[in-house]
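The structure under discussion appears below in the form of structure tokens.
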Amino acid sequence: MNRFYPNHRHKCAGRESGDPIRLLSGTAFQGARAGQGMDIAKCGRASLTPPSPQVRRNFYSMIKHILLSLGLVAVSAMAQAPKPTAVPREQIQAAIDKGLSWLEKQQRADGSFATPGNSAAATDHPGLSALSLVAFHRDPTGKYRGKTAPLVMAKGYNFLRSKAQPDGGIYEKSLTNYNTSLSLLALLNTGEPSDEPLLTKARQFVVEQQAKGMASESLDGGFGYGPTGTSPKRQHPDLDNTLMSLEALRAYKDARPNVEAAGGKELNWQAAIEFVARCQNLPASNKEAWASSDEANKGGFIYYPGYSNAGEQELDGGKKALRSYGTMSYAGLLSFIYADLKQDDPRIVAALEWLTKNYTLEENPGMKGAGLYFYYQLMSKGLAAAKVTELSVAGGQKVAWAPQLATRILSLQTPDGFWVNDNARWMEKDAVLVTTYCVLALENLLNAR
């Protein structure tokens, strides 16, 4: 099943020459080209008879003009790469407007959102529509919020309400916890007092899904898809579902800081933290036998304790590591943040180190094209939540990730306003889902400014 929230290169990715991301970040002016300028200067200094200062100045001036004429340097042979320029707010908002306009046209009579070929999934999984409603609500212009919001919002919220079940969950028949978590996240935005009983019951339903007394103790504290209508292989906690559950419960808590839940169970935040930590390749805090400190995987996260969707990696000496990968590493980071871990907590520090080392917009690290747009959405949210504005990548280069990510996402939007992945895994060929991911990512970038 998909991750309602989101390699090879996407077929619409930036061209090899003039790639907007490389131009924005200035990397096109680094590496070999800068090195050529330095080598030429070294040749001048290597003369057997040292040149006079005037000759040296003339020589450098000549080289500078030659390189400038070829477009190889911006200021001089010693020039550093230019700092990336923020993408204009108006340009990002225009892409959001176009995406939301396309999404609005995909709303069906019952209030759900779906492309014609995916109507059954929209009916069975209200979480898909819930996520789209969150994207509308977070539009920086605010036009989809409040009493004057367009009808698309009321219709969508009514669809979610129609899926409320006697046990407090909000679902049709399967993936009960996942659908309820996302629906709770969306319905917290209605501002309708009449929704309070539904929200209270939905919150309690999610809290009660926290695992305890599992056959494998490593799974305790996490959240899974839910017990109803879920295949046996999915009836266990995983980091993806844990993130969705913690985000919904944190949103409920933040919206009602002075309200105590009446009766029922309370979330065991410490148990949740410990489960997330058992998904991290960090032996210092994860005592699971599989946890690896090898340089390629240390600090990153896997899907659940003992299993990675990215498979295994052969290490020296015949050992194997469960490969860390992009989406779950951002899921782990965000889960820790929602649980109020401090910025200097070694687990957060290690997660950011892995994410920095593996920073790329070309793929979901470890998964190639699979989950690429989910990765973009989690990156925008995770790095903003961690208050990271620049990443120090290989060679000490500072990368302003936000303008790069904005440029990348804008370059992949179709003329009609939607986005779609050509890799079908986790439903990323569903344009409604992927467009929602991209709109949310762009909104995260604008709302964080």
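Just so it is clear, none of the values below were taken in a lab; they were calculated from the coordinates. Everything quoted here is computed from the prediction, not taken from an experiment. Every residue, glycine among them, receives a Cβ derived from its backbone with ideal geometry; neighbour counts consider all protein chains shown.
The table that follows gives values for the structure above.
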| item | result |
| --- | --- |
| Segment S411-A448, length gained on full extension (0.36 nm per residue, minus Cα span) | 11.2 nm |
| Value of D in µm² per second that Stokes-Einstein yields for segment 83-447, Kirkwood Rh from Cα pairs, at 25 °C (0.890 mPa s) | 117 |
| Mean Cβ neighbour count within 10 Å, used as a protection proxy, ranking 220-226, 195-201 highest first | 220-226, 195-201 |
| Simple label model, 7 Å out from Cα along Cβ direction - S101 to S216, nm | 4.9 |
| Residues of type aspartates and glutamates that K155 reaches as a straight line, Cα spacing below 16 Å, ignoring anything fewer than 8 places off in the same chain | E104, D110, E192, D195 |
| Cβ-Cβ FRET estimate between D167 and K429, R0 fixed at 30 Å, reported to 0.05 | 0.40 |
| Kirkwood hydrodynamic radius of segment 325-435, Cα pairs, Å | 14.7 |
| Descending semi-axes in whole angstrom, ellipsoid equivalent of segment 222-363, from the Cα gyration tensor | 28, 18, 13 |
| Segments 413-426, 88-101 sorted - mean Cβ within 10 Å per residue, highest first | 413-426, 88-101 |
| Violating pairs (Cα-Cα greater than 25 angstrom) within the set K298/K368; K105/K163; K287/K368; K143/K342 | K287/K368; K143/K342 |
| Gain on full stretching of the segment that runs from K253 to A154 - 0.36 nm per residue minus C-alpha separation | 33.3 nm |
| Rule-of-thumb Rg ratio for segment 234-313 [Cα; 2.2 N^0.38 Å; N residues] | 1.32 |
| Candidate lysines for bridging to K398, where Cα separation is under 16 Å - those fewer than 8 sequence places away on the same chain excluded | K83, K357, K387 |
| Label-point gap, in nm, between D422 and K265 - each point 7 angstrom along Cα→Cβ | 4.6 |
| Extension gain, S119 back to K342 (0.36 nm per residue minus Cα-Cα distance, nm) | 76.0 nm |
| Sequence of M427, M367 once ranked by neighbouring C-beta atoms within 10 Å, starting from the fewest | M427, M367 |
